[in-house]
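*Asks:* Below: one structure in structure tokens.
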Amino acid sequence: MNYTNLQNSFLIDQINNTLNEKQKEAVLVESGPVLVIAGAGSGKTRVLTYRVAYLTGILGIPPHRIFVATFTNKAAQEMKERINSLMGTQVRDLWIGTFHSLCVRILRKEIWRIGYSQNFSIFDRDDQKKLIKDIVGKGERPDRFIHYISRVKTYGEGIEDRFLNSVFEEYTKKMKLLNALDFDDLLVLTLKIFESFPDVKNHYAERFLHILVDEYQDTNRLQYEIIRHLSSKHRNIFVVGDDDQSIYAFRGADLRNILDFEQDFPDARIIRLEQNYRSTKNILKAASTVIAHNRLRKGKTLWTQNPEGKKIVIFECDTEREEAETVAKIIEKSGREYRDFLILYRTNAQSRAFEERFHLEGIPYQIVGGMKFYERQEIKDILAYLRILVNPKDEIALLRIFNVPPRGIGVKTVETVKNYAEMKKVSLLDALKQMESLDLHKSRKEKLQNFFSL
């Protein structure tokens, strides 16, 4: 028996011995549209992982012909590690990541068709705010405009407001000049290319034999349209989600994507994962009773072989201070270690009452979350240098690094460069190339020259 046969034999044994019957049914579907309704704690990640392993290891589908969309980059990385572990080897060339990251891969190859360079920059919210402030001035709140711009792009829903629409048009024009895309653009422009260039859409639809989507209940209209195009040739679309866990409507998630799956694919196979491995019977019963009041849902009956567990206790408090005091007393009277407790709250602002009480009682605590790695100032500074190297038109990145680290280039000097660039209708970088024409003192020009020579 050769290595491949041994590997396949191991994989089949894993499928038979590790998965329950419903999980196995989902993993072993060979083709066609499939909706897996996966209740909380029912092993949906395991199903997706084994599904990819089955497609590549048993059915022999080349990894580069499989498209797997996840909700977060972390989920994609964890899934890749699980697949590699299950396969006993590094699975290369698999298209796996968030919709945005997968769309970036497509746009790096195809965006030239709609007038952008392939070395485009990707603006985060902070970059967007700076550009909006540059357009409307500092007296306006950028978030208002960013929300409106996103809504117009995602839903095509504008309003008859001359000022808002003029900002939208100016923002769109400047983004094109900067050769930059925001996160909405990554989806919008991918869809635009698919719809404007049928040969490109057909190329990717032919390429991907199997499309797999995690957290399908949290997809938006644009993501749904991209999936529809990609699956138009082979129709092997395998989506996993739970209508009861749809919590991202404020980000544009459209619950109809999962509720209407059978209308979009009349021959779809529906598989329900209802065995819960995570919770006790009491927790599951309470959660199921609450969610049963939802009107828009597919419906399922979650069950578990786990023990009954302790009954859920509810304390009703009149104020947030009373709530924090009650929680502190529960912790102190429990006799358990502090690290055994977890406090969840709806918004970050609610932590204050708990923090004040814990300081008073001498209870040590740690706030989990905080600033993300790529949102840290020093990381943004380093990335700005890299961005300007890749995309010299990225003026938001250039403006960020003029005086980082401090090199004596002040706000007035930068304003002089910006004004000259606007007057001559050239980029900031081109304005620096014409430094002798700038109305600046010799010492300031020398500092700009030192920066430019970097």
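*Asks:* Go through the range 80-105 and give me each residue that's aliphatic (A, V, I, L, M) and modelled with pLDDT under 95.
*Replies:* Restricting attention to the range 80-105, the residues satisfying the condition of being aliphatic (A, V, I, L, M) are 83, 86-87, 91, 94, 96, 102, 104.
ILE83, LEU86, MET87, VAL91 - these are the residues of the range 80-105 that are aliphatic (A, V, I, L, M) and modelled with pLDDT under 95.
*Asks:* Hey, TYR116 hits all of (1) in contact with a strand residue (DSSP E or B) (Cβ under 7 Å, 6 or more places away or on another chain); (2) touching a residue at least 60 places away in the same chain (Cβ under 8 Å) but one; which does it fall short on?
*Replies:* (1)
*Asks:* Which condition number does GLY408 fail, the rest of (1) at positive phi; (2) at pLDDT 90 or above; (3) of a type outside the set (Val, Ile, Thr) being met?
*Replies:* (2)
*Asks:* Separate question: So which residues in the range 227-279 are without any contact (Cβ under 8 Å) to a residue 12 or more places away in the chain and within 18 Å of GLY299 (Cα to Cα)?
*Replies:* Within the range 227-279, the subset without any contact (Cβ under 8 Å) to a residue 12 or more places away in the chain is 249-250, 256, 260, 263, 266.
ARG256, ASP260, GLN263, listed by residue number.
*Asks:* Would you check if GLY60 is in contact (Cβ under 8 Å) with a residue 60 or more places away in the chain and not in a helix (DSSP H, G or I)? It would help to see each step written out before you state the result.
*Replies:* Details: in contact (Cβ under 8 Å) with a residue 60 or more places away in the chain: no; not in a helix (DSSP H, G or I): yes.
The answer is no for GLY60.
*Asks:* For the range 411-445, which residues satisfy the criterion of being exposed (fewer than 13 other Cβ atoms within 10 Å of the Cβ) and part of a loop (DSSP other than H, G, I, E, B)?
*Replies:* Residues of the range 411-445 that are exposed (fewer than 13 other Cβ atoms within 10 Å of the Cβ), as a first pass: 411-412, 415, 422-425, 433, 436-437, 439, 441-443.
Selection gives LYS425, ASP439, HIS441.
*Asks:* Name every residue in the range 365-397 that is hydroxyl-bearing (Ser, Thr, Tyr) and either surrounded by 14 or more Cβ atoms within 10 Å (Cβ to Cβ) or modelled with pLDDT of 90 or more (or both), in order of residue number.
*Replies:* Of all residues in the range 365-397, those hydroxyl-bearing (Ser, Thr, Tyr) come to 365, 374, 385.
Correct list: TYR365, TYR385.
*Asks:* Could you please find all residues in the range 280-303 being without any contact (Cβ under 8 Å) to a residue 40 or more places away in the chain and either among the β-branched types (Val, Ile, Thr) or not in a helix (DSSP H, G or I) (or both)? Reasoning before the result, please.
*Replies:* Residues of the range 280-303 without any contact (Cβ under 8 Å) to a residue 40 or more places away in the chain: 280-286, 288-290, 292-293, 295, 299, 301, 303.
Passing the criteria: THR280, ILE283, THR289, VAL290, ALA292, HIS293, ARG295, GLY299, THR301, TRP303.
*Asks:* Can you tell me which of ILE258, ILE271 is at pLDDT below 95, surrounded by 15 or more Cβ atoms within 10 Å (Cβ to Cβ), of a type in the set (Val, Ile, Thr) and in contact with a strand residue (DSSP E or B) (Cβ under 6 Å, 6 or more places away or on another chain)? Reasoning before the result, please.
*Replies:* Details: ILE271 fails: at pLDDT below 95.
Unique residue meeting the criteria: ILE258.
*Asks:* Here's something else I'd like to know. Taking the conditions exactly as written (over 17 Å from GLY32 (Cα atoms) and either more than 21 Å from the chain's Cα centre (by Cα) or in a strand (DSSP E or B) (or both)), does ILE226 satisfy them or not?
*Replies:* On the way: over 17 Å from GLY32 (Cα atoms): yes; either more than 21 Å from the chain's Cα centre (by Cα) or in a strand (DSSP E or B) (or both): no.
No; evaluated as a whole, the condition is false for this residue.
The values are calculated or read from the model by the stated rules, or taken from the named source; none is laboratory data. All of these numbers come straight from a predicted model, not from anything done at the bench. FYI the Cβ positions are ideal-geometry reconstructions off the backbone, even for glycines, and counts take in every protein chain you see.
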